[in-house]
Amino acid sequence: MRTLSLGKLPRAVRFGAPMAAIAIAAAACGSSTNSGNSASGGGGSPSQAPTSGGSAVTVETHSGDMGTFLTDQSGKTLYLFTSDTAMKSTCTSACTSLWPPLTTKGAVKGADGVTASKLSTITLSNGSKQVTYAGHPLYTYSGDSGAGQTNGEGSDTFGAKWWLVAPTGKQITTTSAGSSSPSPSPSKSSGGSGAGGGWA
């Protein structure tokens with residue numbers, strides 16, 4: 001029996017056989033890939049995880065040199081802006097960069113010392129919900145880097161005063177550390193002038 005060398009085979013056979021083998025291998029790979037896609041749910045981009053709905057915001061209290069005042073759940077001090085009217089924020093645009101409003105995507109809760117019935121929300125122009133307490137929209141201060149800091153107390157940026165908020169819902173004004181009073185009464189000077197006003 002004689003063995004044929006490749007050199008004596010017809011040209012079509014010598015080049016056709018390897019090409020056929022390559023084509024079969026490619027078809028097998030394609031079939032394998034398609035079946036893998038089918039098994040994983042038909043291909044396409046993976047679905048994105050849903051955005052968090054935002055857990056409830058909890059308003060808490062903190063006691064320090066300025067007395068007892070409201071904070072958010074991370075301990076960051078909350079302020080009111082005396083320019084605001086009842087349930088209406090007047091801090092917009094650049095103001096919110098320095099004084100970010102306390103917003104929530106969920107419920108608002110009060111920890112011990114906070115009166116839950118005083119908590120509410122208002123809707124801002126961008127659609128977010130700002131937390132209010134006793135009718136005052138609440139803000140944090142970008143200058144407070146840690147829990148319980150009160151660097152914004154008494155600031156008059158953006159045309160009005162910023163004060164801490166007592167658990168009663170009234171502003172806390174201070175003249176020095178360790179000397180504070182919620183919602184000071186009008187001056188009782190012997191002259192009886194009406195110049196010592198302030199929030200009731």
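Readers should treat all values here as calculations from the given coordinates under stated rules, not as data from a laboratory. All figures in this text were calculated on a predicted structure; none of them were measured in a lab. Cβ atoms come from the backbone with ideal geometry, glycine included; neighbour counts cover every protein chain shown.
What the table shows:
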quantity: Flagged links, alpha-carbon separation over 21 Å, of 105/170; 118/170; 109/170; 109/161; calculated: 105/170; 109/161
quantity: Proximal charge balance of residue 60 [Cβ under 14 Å; K/R count +1, D/E count -1]; calculated: +1
quantity: Antiparallel %, DSSP beta bridges [both residues in the range 57-182], to 5; calculated: 90
quantity: The range 74-131: C-alpha gyration tensor shape, a/c 1.5 cut-off, then a/b vs b/c; calculated: prolate
quantity: Cα convex hull of the range 57-182, projected area averaged across orientations, nm²; calculated: 6.8
